[in-house]
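Report on the following structure.
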Amino acid sequence: MYRIDRVSNRITPVLAKSFSDLGFSERKHLQEWLAFHPQALTTGEDDELLIIQKEFDGFDETRERLDLLAIDKEGNLVIIENKLDDSGRDVTWQALKYASYCASLSKIQIVEIYQRYLNQLSLGSSGDSPNAEVELLNFLQADDIDSIQINTLQSQRIIFVAAKYRKEVTSTVLWLSQFGIRCQCFKVTPYKEGDELFMSVDQIIPTPEASDFMIGMLAKEAEEKETSSTKKKREVICYQFWELLIEAFQKSDCSLHDSSAPNANMWLPGPSGIPGVSYSTVFAKSWVRVEIYLAHWKPQRNNYIFNALELHRLDIESKVGCSLKWDELPKKKASRISYTYPTNSEDKSHWPDLISWIIDFMSKLEAVVQPHLEKLKPKLKNIDFDVYIEDAESGV
């Protein structure tokens, strides 16, 4: 810290001191300063703290006391540990214990803890103590206690305050942050200039500039984990469904899946005898689709087969018993002829009826379409689709 001299246009250092040199103690001084002005440990307008207890010892079967217990605007409990001139080696372990103890505190218990603190502050005054529930609702800007969430699972925050941090402390804090445990380290430095005393409070982990980035990265990581978990769950469901479907197909008169094996994908192809053409079932969350899928690597070949089948559209739909969706995708990788059946595919109680419908519908579709595909086989062998593609693109 420097003092600015406007007259000489120079700066001069303000002497940094240690708390012990100045005769300050952790509990009588630093703790009291922060209890009176907790916003010294906040970094923005939205980050506000309300102290709800000092030297909290409400842990069953322990004699341990945490320095300050606070709550933030989101209803998260904040454990504040003060260590004056040196953080010591064990402060992170100590704070983690306190956080684990506080994680089980209910909404009612938190109100009671805060009320005891307000009662302590009011000792010796003539008036009644403020009502903790009312004060808490005012701070959280809520109408009633039942409508707010306080101290939800894994929401506890930890703040460390010290003039100097040991490497084992900072490395542990950084490591914990990777697991979504919100830890902050504030460096406090006292200064003396004549008879005047000053104190700086600086967040060093994470730096204020990196805080939003770290929070964003943790949220992104949590989203990715949730997506990965959902994907794995879905893959298991797909595999189980295909197992049952293939078994049922192999007991039916339809031979499409005689050689098929279950997989974790959302689609199950069945052979048509023509490269790039399959009778496929697609198993989505809210629907199942039965389709003829045209996915040869030459798009013009797919379009040729699609157009040849579409010439018999009325006959095919009449014999299948419903209208189909005809999706020609010119110059795309695939085209399809399909029917979509709405259902909750994750409700296994629906599976027997769903499997029965798929086998019945696919059997009809194959019986109607396969004769047309068989007639196309010789023509497909005689067409040079490389030339066909060039002619089509040139408009010939």
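The values are calculated or read from the model by the stated rules, or taken from the named source; none is laboratory data. On a predicted model such as this, the values are computed, not experimentally measured, just so you know. Note that each Cβ is placed from the backbone with ideal geometry, even for glycine, and that neighbours are counted across all protein chains shown. All accessible areas refer to the heavy atoms of the entire protein, side chains included, with ligands and DNA or RNA removed. Shrake-Rupley method; radii C 1.70, N 1.55, O 1.52, S 1.80 Å.
So that you can scan it fast, the table gives a plain yes or no per residue for (1) surrounded by 14 or more Cβ atoms within 10 Å (Cβ to Cβ); (2) closer than 15 Å to Cys238 by Cβ:
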site: Met266; (1), (2): yes, yes
site: Val282; (1), (2): yes, yes
site: Glu291; (1), (2): yes, no
site: Arg301; (1), (2): yes, no
site: Phe306; (1), (2): yes, no
site: Leu314; (1), (2): no, no
site: Ser349; (1), (2): no, no
site: Ile355; (1), (2): yes, yes
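Regarding the range 94-106, can at least one residue be identified that is in contact with a helix residue (DSSP H, G or I) (Cβ under 6 Å, 6 or more places away or on another chain) and of a type in the set (A, V, I, L, M)? No, every residue in the range 94-106 fails to be in contact with a helix residue (DSSP H, G or I) (Cβ under 6 Å, 6 or more places away or on another chain) and of a type in the set (A, V, I, L, M). Applying the condition of being touching a residue at least 24 places away in the same chain (Cβ under 8 Å) and open to solvent by 10 Å² or more (accessible area, probe 1.4 Å) to the range 316-328 and asking which residue is farthest from Gln370 (Cα to Cα) yields Glu328. For the range 229-245, filtering for residues that are open to solvent by 10 Å² or more (accessible area, probe 1.4 Å) and of a type in the set (A, V, I, L, M, F, W, C) leaves 3. Scanning the range 71-91 for any residue that is free of Cβ contacts under 8 Å to residues at least 40 places away in the same chain and within 23 Å of Ile150 (Cβ to Cβ) turns up nothing. The residue that is least open to solvent (accessible area, probe 1.4 Å), counting only those in the range 22-72 that are basic (Lys, Arg) and under 18 Å from Ile113 (Cβ atoms), is Lys54. Considering only the range 7-21, I want to know if a residue exists there that is open to solvent by less than 40 Å² (accessible area, probe 1.4 Å) and either over 19 Å from Glu196 (Cβ atoms) or within 44 Å of the chain's Cα centre (by Cα) (or both). Yes, the conditions are met somewhere in the range 7-21. Please indicate, with yes or no, whether at least one residue in the range 117-124 is of a type in the set (A, V, I, L, M, F, W, C), out of contact with any Phe, Trp or Tyr (no Cβ under 7 Å at 6 or more places or on another chain), surrounded by fewer than 15 Cβ atoms within 10 Å (Cβ to Cβ) and over 22 Å from Glu32 (Cβ atoms). No, that holds for no residue. Selection within the range 251-267: residues that are closer than 15 Å to Phe361 by Cα and either in a strand (DSSP E or B) or without any contact (Cβ under 8 Å) to a residue 40 or more places away in the chain (or both). The member of this set that is farthest from the chain's Cα centre (by Cα) is Ser255. Name the residues in the range 329-347 that are surrounded by fewer than 17 Cβ atoms within 10 Å (Cβ to Cβ) and basic (Lys, Arg), would you? Hits for the range 329-347 are Lys331, Lys332, Lys333. Of the helices (runs of 4 or more DSSP H) lying entirely inside the range 101-218, the ones with 2 or more residues being over 32 Å from the mean Cα position of the chain (by Cα) and over 26 Å from Asp46 (Cα atoms) are found at 107-122.
Looking only at the range 73-90, which residues are open to solvent by less than 10 Å² (accessible area, probe 1.4 Å), within 12 Å of Phe160 (Cβ to Cβ) and in contact with a helix residue (DSSP H, G or I) (Cβ under 6 Å, 6 or more places away or on another chain)? Ile79, Glu81, Asn82, Ser87, listed by residue number.
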